[in-house]
1. For the stretch B:200-212, name all the residues that are buried (at least 19 other Cβ atoms within 10 Å of the Cβ), in a helix (DSSP H, G or I) and of a type outside the set (S, T, N, Q).
2. Looking at A:Thr272, A:Thr266, can you tell me which residue is within 28 Å of B:Leu228 (Cβ to Cβ), among the hydroxyl-bearing types (Ser, Thr, Tyr), in contact with a Phe, Trp or Tyr (Cβ under 6 Å, 6 or more places away or on another chain) and part of a helix (DSSP H, G or I)?
3. Can you tell me which residue within the stretch B:57-85, out of those that are over 17 Å from B:Val263 (Cβ atoms) and out of contact with any helix residue (DSSP H, G or I) (no Cβ under 8 Å at 6 or more places or on another chain), is surrounded by the fewest Cβ atoms within 10 Å (Cβ to Cβ)?
4. Taking the conditions exactly as written (more than 10 Å from chain B (Cβ to nearest Cβ) and open to solvent by 50 Å² or more (accessible area, probe 1.4 Å)), does A:Tyr177 satisfy them or not?
5. For A:Ala112, indicate whether it is in contact with a helix residue (DSSP H, G or I) (Cβ under 7 Å, 6 or more places away or on another chain), more than 7 Å from chain B (Cβ to nearest Cβ) and buried (at least 22 other Cβ atoms within 10 Å of the Cβ).
6. Looking at this structure, is A:Val277 among the β-branched types (Val, Ile, Thr), part of a helix (DSSP H, G or I) and under 21 Å from A:Gly65 (Cα atoms)?
7. If I filter the stretch A:230-260 down to residues being free of Cβ contacts under 8 Å to residues at least 40 places away in the same chain and away from chain B (no Cβ under 12 Å), which single residue comes out as nearest to A:Lys91 (Cα to Cα)?
8. Is it the case, given these coordinates, that A:Pro234 is over 30 Å from A:Thr203 (Cβ atoms), in the same structural domain as A:Thr147 (by TED's automatic domain parsing) and either over 16 Å from the mean Cα position of the chain (by Cα) or surrounded by fewer than 21 Cβ atoms within 10 Å (Cβ to Cβ) (or both)?
Amino acid sequence: MLNRKTSPPVDTKTGNKRQILWKDLKRDKLLYLLLILPITVYVLFYYKPMFGLQIAFKNYNVFQGISESPWVGFEHFKTFFHSPFFGRTLKNTLMLSLYNMLFAFPAPIILALMFNEVQKIKFKKFVQTCTYIPHFISVVIVASLVTSFLSPSSGVINTIISAFGGEKVYFLTKPEYFRTIYTVMGIWQGTGFNSIVYLSVITAIDTSLYEAAMIDGANKWKQITNVTIPSILPTIVMMFIMRLGNILNVGYESIILLYQPATYETADTIGTYIYRVGLENSQYSLATAVGLVNGIVGLLLVILSNTISKRVTEYGLW
Amino acid sequence: MRQTKGEKIFYAINNVLLMIISIISLYPLLYVLSASLSDPEIVAMGKVWLLPKGFSIKNYIEVLNYDGIWTAYGNTIIYAVFGTAFSLLTTICLAYPLSKKRLRGQAFFTFFAAFTMWFSAGMIPTFLNMQSLNLLDSRIGLIIGFSLNSFYMFIMRNYFASSIPDSLEESAKIDGANDLYVLIRIYLPLALPCLATLALYYMVDRWNGYLWASIIFKTESKLPLQVLIKKLILDSTWAASMDGVDTSANFNLETLTYATIVVSVIPMLAVYPWLQKYFVKGLTVGAVKG
């Protein structure tokens, strides 16, 4: 996607380089003018905060500000690595990612395969429309749907359980259910929309492949396993590798809305820990240190996964 | 071509499964709609599961009489409209120059934009930055501080570069047009499907955005709908489920919040069918290798 290179005009006469550069800059002056607004936004809101990362190595206090606060070296990193939160948040982050890769990752692939086998176009449109809708519902509303569906007094799930003579369960206060709840929520919300990418690859498959398979006597199932799946395999591999690169990025926004002290044991991730320590307890330096570790490891993972992806599928992000 | 018996069974099972998946996708929303149109006490007893019971629009009357909702609704519309407009403006201003290979420094600016997708300063430095710019509790801060999405920008850049022929620019240039004219009169009209898709993406993100709005705003009158809904629903139902008993005030609160959810989701679902064809296109355009 980002692998374009500029090819500056070949310059044979030495000494003319500067003139040519000047000419190019002048020619494209309006393009540079356009760049001023977005670059300002990037600098002010994306790059300037990076200077604030220095407070990870300082004892930040409000009165002295970012640059005047005293340096403390790696103290905050040590505090985090030696605290019980390090193991717990890392484990929970990885477990939620693992659940996601095991259950939420294959779901859109299967759904796309199913969409592709629908004969009536109207029905196909209808089921696509229905399954895409959850993607457009906000995290706040999804979290509140989960909360009310699992409510012990009036929630649908508990009503069903008690109708079958079971005990009502306070799901959201039980750590053992959190990962399942979170994963199911993600599947409900994302499966339909994420299937679009796979479906677009499937619809681009050459139909003569299917005709050839039918002449060879392949039934529907054989056509799917021998034509469709091999055709989308590169996309699947690429998406999977990219998912691996994002293993530390768990959608903490919805966790913040759903977890509570009783479920921290399984629900507290690196992202939620940063939020709690930083914004709720105002321990800015510690939270920044944890965020920095997370950011750097995340960056390395993305680079690594991109390199692997390029080797395996010849498709990379840059 | 005639279908074999095996194929018929295959298609039938597939259709039934898809029907079930569709129902699962829609059920939570249907439930909320029904519950919001039911008698609060019947809902609190857990007796509503599909259709409204004890039909009443009392909840809606109460919601619409609550001033806080109107303020929050107005705020959300402001953030969605101005936020989307500003985001699109900056995205165009960046995507167009980056789509030109001839531009000196194109590789540098591309990296400059792409890097923000892989590494960010994180929550606290971003928060402190907003503070130092005096943009905490500021509407402008929310609108311009979280406006650029590099991923969307690259979708647009790829569209400019691959879906619009260079010859159009060249012939306009021969006629004496400058870059700004080429962008506004030639590229933007041709990129309308892409602009519509990205406008939709930005709009949805703005309409649904919660976390940063909840972090930066202190003043009640600036809160968008999502933050208000969070306050209404999650805080109250938790309190109820922790005690294990719902107080009578909470009966009402539950159905009231359902009505609020319906009111907040309606604009999204109303525009959705018209925009559906665009966002599918947009996603596939983004998949084109640049």
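1. So in the stretch B:200-212, the residues buried (at least 19 other Cβ atoms within 10 Å of the Cβ) come out as B:200-204, B:206-211.
Now drop any that are not in a helix (DSSP H, G or I), which leaves B:200-204, B:206-208, B:211.
B:Leu200, B:Tyr201, B:Tyr202, B:Met203, B:Val204, B:Arg206, B:Trp207, B:Leu211, listed by residue number.
2. On the way: A:Thr266 fails: within 28 Å of B:Leu228 (Cβ to Cβ).
Just a single option satisfies the conditions, and that option is A:Thr272.
3. Checked the stretch B:57-85; the qualifying residue surrounded by the fewest Cβ atoms within 10 Å (Cβ to Cβ) is B:Val81.
4. Details: more than 10 Å from chain B (Cβ to nearest Cβ): yes; open to solvent by 50 Å² or more (accessible area, probe 1.4 Å): yes.
So A:Tyr177 passes the test.
5. Working: in contact with a helix residue (DSSP H, G or I) (Cβ under 7 Å, 6 or more places away or on another chain): yes; more than 7 Å from chain B (Cβ to nearest Cβ): yes; buried (at least 22 other Cβ atoms within 10 Å of the Cβ): yes.
It is true that A:Ala112 is in contact with a helix residue (DSSP H, G or I) (Cβ under 7 Å, 6 or more places away or on another chain), more than 7 Å from chain B (Cβ to nearest Cβ) and buried (at least 22 other Cβ atoms within 10 Å of the Cβ).
6. On the way: among the β-branched types (Val, Ile, Thr): yes; part of a helix (DSSP H, G or I): yes; under 21 Å from A:Gly65 (Cα atoms): yes.
Taking the combined requirement at face value, the residue satisfies it.
7. Initially, the stretch A:230-260 is screened for residues free of Cβ contacts under 8 Å to residues at least 40 places away in the same chain, giving A:230-231, A:233, A:235, A:252, A:256.
With the extra rule that they be away from chain B (no Cβ under 12 Å), the set shrinks to A:230-231, A:233.
Details: A:Pro230: 34, A:Ser231: 35, A:Leu233: 30 Å.
Across the stretch A:230-260, the extreme among qualifying residues is A:Leu233.
8. Details: over 30 Å from A:Thr203 (Cβ atoms): no; in the same structural domain as A:Thr147 (by TED's automatic domain parsing): yes; either over 16 Å from the mean Cα position of the chain (by Cα) or surrounded by fewer than 21 Cβ atoms within 10 Å (Cβ to Cβ) (or both): yes.
In short, no.
The values are calculated or read from the model by the stated rules, or taken from the named source; none is laboratory data. On a predicted model such as this, the values are computed, not experimentally measured, just so you know. Positions of Cβ are backbone-derived with ideal geometry, glycine not excepted, and every protein chain shown enters the neighbour counts. Heavy atoms of the whole protein, side chains included, go into the accessibility calculation; ligands, DNA and RNA do not. Shrake-Rupley method; radii C 1.70, N 1.55, O 1.52, S 1.80 Å.
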